[in-house]
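The values are calculated or read from the model by the stated rules, or taken from the named source; none is laboratory data. All of these numbers come straight from a predicted model, not from anything done at the bench. Virtual Cβ from ideal backbone geometry, glycine too; neighbours counted across all protein chains shown. SASA here: full protein model, heavy atoms, side chains in, ligands and nucleic acids out. Shrake-Rupley method; radii C 1.70, N 1.55, O 1.52, S 1.80 Å.
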Amino acid sequence: MLQPLFAHLRRGFQTWASMPLALFMLGFVVLQGVVMAQHTPLSYPPDEMPHLSYIHDSIRSPVALPNYTDGSIMGFKQPNYLAHPPLYYSALGVAGKLFSLNPRADYLTFRLIGVGLVGLGLVFVILTAREMRLAQGITALLLFACASVPMFSYVAGSVSNDTLLYTGMAMSFYAMARFANAARRGPDVLASVLLLAGLLVVFLTKATGALFMVLFMTGWGLRNIRQLQPQVLLRNYWRYIAVLALVVGGYYLYTRLQHGAFFPTPGRLYGNTPPAQPLDLPAYTHEYISAMWRRLHGIMSHLSVTPIEERWQPVFYAMACLPVVGWLVVRFSTPLLTSNRMAIRYFDAMALATLGTVLVHVLFGYRAYLGNGVLSGLQPRYYMYLLPVLWFPFFVLCQPGWFKQVVTVAFATSALVTFWTSSPQVLLKQHLALQELPRQLAYADR
């Protein structure tokens, strides 16, 4: 009876034992998140106190849910303004109950849980790379590039539902990669279970991730419309679909009936003050793209810092863009493109989902701007779950040859330069920014 379990564990051990370099880089990125968790002052990461306040609500709630009716931010009289689904807060609230944790006093513990969630997500990233037949060295390089993005480890080391979202998205990416290879492997129960779990996490954690996964799976289905048979899919997977619909639909129906909204919130961050001379949609879109580009290399928070000096910032942008540009070149160049049609369709769906999510983000942001006059939500961290998967397509789809070698060497060089010009500077720049703050602006009970 235990023999199949031992065989499965042995195969799992052999899998990870064959990837020591990728495993080393996984530990490296996780430890980087631990350092940021330990040395970033309380309340300075984006929305950390509102997140902690919802966790506090969940600890006190008999059903481990945030107080979406009249919850307030700890230490402030302001109502909480976050409008996110509850899974992250409920999960950490249960942990807080079990171990008698106080969100304010034990904030480091909650941060380290977030680091663990990102680390778990990176495990699924490595498995996705293996499923896509990426070389171990390339996988390790891509993880190292994540360590060269200052905001990645900063978010990982903070109290934020982006950490749980990262786990759910990575789990879903891996499950979909297994489905893409199901034709050569046959029915895959593990992929079905992981996809269900990943989608439950995503749909109950953050709306932007849910939107991306809907677009991604729709795009993947459309790109494989000739191979998919709806009747067979429904017959094989109706149980998983029913569980997803029952849990997700049940929560959102309850929330709609209880609070009058699918994404309720006790208060609003910005009042209803329309701009006197509002930007039109093209101008707003230009500002959105420009702000995202400017902020890509920095740490955007309540204590924003720019670890990378201006003279090295072009190297960072080269690192960020080289695999993406290489992907576009390869995708439309038949001699360079792999013959793996399933991988091509997988990454086509990812590209369509990314563009669609950005488009919806722009439209909703513009609508909010017309109501409150604030250019808000222009932060690259909302797309953190795309790293490093966004860099996969070039390395998976490009045929071996001089072009792939040149882009790989340039990417590795720029990642190395970016890391040594950013990571050692983060804590110093953060300390200097703290020293420059007016004394009365430091966080305290009030």
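When a/c is below 1.5 the answer is rounded, else prolate if a/b is larger than b/c, else oblate, so apply that to region 192-246 with a ≥ b ≥ c taken from the square roots of the Cα gyration tensor eigenvalues. In terms of gyration-tensor shape, oblate.
For region 391-404, backbone phi angles converted through the Karplus equation (6.51, -1.76, 1.60; θ = phi - 60°) give residue-by-residue couplings of 8, 4, x, 4, 6, 7, 8, 7, 5, x, x, 5, 5, 5 Hz, Gly and Pro being listed as x. Taken one residue at a time, the phi angles of region 77-84 give Karplus couplings (6.51, -1.76, 1.60, θ = phi - 60°) of 8, 6, x, 5, 10, 6, 10, 10 Hz. Gly and Pro are set to x. Annotation: amide H of SER72 within the under-5 Å range of ASN80, sequence separation 5 or more or interchain, hydrogens built in the peptide plane.
When a/c is below 1.5 the answer is rounded, else prolate if a/b is larger than b/c, else oblate, so apply that to the chain with a ≥ b ≥ c taken from the square roots of the Cα gyration tensor eigenvalues. Rounded, since a/c falls under 1.5.
Phi-derived couplings, Karplus 6.51 cos²θ - 1.76 cosθ + 1.60 at θ = phi - 60°, listed residue by residue for region 278-283: x, 5, 7, 4, x, 5 Hz, with x used for Gly and Pro.
For an R0 of 51 angstrom, estimate the FRET efficiency from the Cβ-Cβ distance between ASN102 and SER333 and round to the nearest 0.05. Efficiency at R0 = 51 Å is approximately 0.35. Relative contact order for region 248-317: 14 percent, from Cα pairs under 8 Å spaced at least 6 residues apart, divided by residue count.
Largest accessible area first, the residues THR413, THR163, THR265 order themselves as THR413, THR265, THR163 under a 1.4 Å probe with ligands, DNA and RNA left out. For the residues ASP188, ASP70, a 1.4 Å probe over the protein chains yields an accessible-area ranking, largest first, of ASP70, ASP188. Assuming charge only on the beta carbon of Lys and Arg (+1) and of Asp and Glu (-1), the dipole of the chain about its Cα centre is about 1080 debye to the nearest 20.
Here the peptides 18-24, 250-256 are ranked by packing, the mean other Cβ count within 10 Å, and the order with the highest first is 18-24, 250-256.
Rolling a 1.4 Å probe over the protein heavy atoms leaves MET319 with an accessible area of roughly 0 Å².
Between the amide H of VAL305 and those of ILE299, distances stay under 5 Å, these residues lying 5 or more places away or on another chain, with hydrogens modeled in the peptide plane.
Helix content alone sets the calculated 222 nm mean residue ellipticity of the chain: runs of n ≥ 4 DSSP H residues at -39500 (n - 2.57) each, divided across all residues, give -22000 deg cm²/dmol. Positive end of the dipole of the chain (Cβ unit charges, origin at the Cα centre): among THR338, GLY271, LEU303, the Cα lying farthest that way belongs to THR338. Each part gets one Cα centre, and for region 339-356 versus region 256-277 those centres are 35 Å apart.
Per-atom-type breakdown for region 1-158 gives carbon and sulfur 67% of the accessible area (1.4 Å probe, protein chains only).
Between the listed residues PRO400, ALA140, LEU215, the Cα displaced farthest toward the positive end of the dipole of the chain, a dipole computed from Cβ unit charges relative to the Cα centre, is found at PRO400.
Taking the Cα centre of region 300-421 as reference, the dipole from Cβ charges on Lys and Arg (+1) and Asp and Glu (-1) amounts to some 280 debye.
When all protein chains stay in place and ligands, DNA and RNA are ignored, the 1.4 Å accessible-area order of TRP312, TRP220, largest first, is TRP312, TRP220. Computed in the context of the full set of protein chains, the accessible area of region 286-332 at 1.4 Å probe radius has 65% of its extent on carbon or sulfur. Which shape class applies to region 181-337: rounded if a/c is under 1.5, otherwise prolate when a/b exceeds b/c and oblate if not, where a ≥ b ≥ c are the square roots of the Cα gyration tensor eigenvalues? Note, shape of region 181-337 comes out oblate.
Of the options ALA105, ILE225, ALA83, report the single residue whose Cα projects farthest towards the positive end of the charge dipole of region 77-226 (beta-carbon charges: Lys, Arg +1; Asp, Glu -1). Most positive-ward Cα: ILE225. Entry comment: accessible area of region 45-186 is 31 Å² per residue, from protein heavy atoms only and a probe of 1.4 Å.
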